[in-house]
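The values are calculated or read from the model by the stated rules, or taken from the named source; none is laboratory data. Owing to the predicted nature of the structure, the values given are computational and were not obtained by experimental measurement. Don't worry about glycine lacking a Cβ; one is built from the backbone with ideal geometry, like all the others, and counts go over all protein chains shown.
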Amino acid sequence: MLLAERPLEALTVDAVVEAAAVAKGTFYYHFQGMEELAAAVGEKLGESFDEMLAPARLGMRDPVARLSFAFNQFLEKAMADRVWARLVIQSAQAPTEFARSIRANLKGDLTEARAQGRLKVNDVDLAADVVMGIWLQVTRGILQGRTGTDLPERALAAMLRALGVAPPQKRKKDLEEV
C-alpha cells in the first residue's frame, strides 16, 4: 500500500488512483483529499485492532491495568507490524471517530484512576494528551528503528511515571498462577 511506503506529503491522488486502478472521480467521490484517505485507512486499522483488544481490556476492573494493557498492546503491534504503525501515525492527525473513541476510553480510565486517588495529574485532558503523546512519539521511534524487546514495558513505565501513577498491582490470583 502506498500510504505505508511513503510519507503522506510524498503521495499524490494520481499515484493512488493509478495504483488502485480507479478513476480520479471515484477517489474524489469518497475522499476530499489525501489526508482524508489516510484518516480513513488508519481509522479502519485502528477499529479492527480495538475490536480485538476490547474483550480482554473490558474484563479488567482496574483502570490503570486497562490503560497499561492497551498502551502495551498498541506498542507491541507497532513493533510487529510497521505498516500498521505507519498508517496509524499518519492518520493520528485527523479527528476521526476512532480517535475520539480511543480518547474517550482513555479519559474514562484516567477519570476512574483519579477518583481512586491514583492519578497525580488533576487535568484528565492533559493526562490523556501525555499518554497519547508518549504513545505516538514512541511509535515514531519504532518506525525509525529504535526498538528493543523491552521497549513497550520501558515506555509504559515512563508514561505511568509521567502521570504519577503506580503500575497496576497484580491480583493475588495472578500471582498464584505464576
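Can residue 126 be described as of a type outside the set (Lys, Arg), surrounded by fewer than 19 Cβ atoms within 10 Å (Cβ to Cβ) and either assigned to a helix (DSSP H, G or I) or out of contact with any Leu (no Cβ under 9 Å at 6 or more places or on another chain) (or both)? Even if it seems obvious, please write down each step before you answer.
Values: of a type outside the set (Lys, Arg): yes; surrounded by fewer than 19 Cβ atoms within 10 Å (Cβ to Cβ): yes; either assigned to a helix (DSSP H, G or I) or out of contact with any Leu (no Cβ under 9 Å at 6 or more places or on another chain) (or both): yes.
When the stated conditions are applied, residue 126 passes them.
Which pairs turn up if I take residues in region 71-85 that are in a helix (DSSP H, G or I) and look for partners that are surrounded by fewer than 18 Cβ atoms within 10 Å (Cβ to Cβ) and not basic (Lys, Arg) with beta carbon separation below 6 Å, at least 6 apart in sequence or on another chain?
Pairs found: 73/53; 79/147; 83/4; 85/143.
So which residues in region 77-91 are among the charged types (D, E, K, R) and in contact with a Lys or Arg (Cβ under 8 Å, 6 or more places away or on another chain)?
Step one: of region 77-91, the residues among the charged types (D, E, K, R) are 77, 81-82, 86.
Across region 77-91, there are no qualifying residues.
Determine the pairs where a residue that is on the phi < 0 side of the Ramachandran plot and surrounded by 15 or more Cβ atoms within 10 Å (Cβ to Cβ), located within region 100-112, has a partner that is at pLDDT below 85 and part of a helix (DSSP H, G or I) with Cβ atoms under 9 Å apart, the partner being 6 or more residues away or on another chain.
102/46; 102/50; 105/50; 105/57
Can you name the condition, by its number, that residue 121 falls short on among (1) surrounded by 15 or more Cβ atoms within 10 Å (Cβ to Cβ); (2) part of a helix (DSSP H, G or I); (3) modelled with pLDDT of 80 or more?
Only one criterion is unmet by residue 121, namely (2).
Restricting to region 45-71, name every residue that is under 16 Å from residue 109 (Cβ atoms) and either within 10 Å of the chain's Cα centre (by Cα) or acidic (Asp, Glu) (or both).
Passing the criteria: 50, 62, 70, 71.
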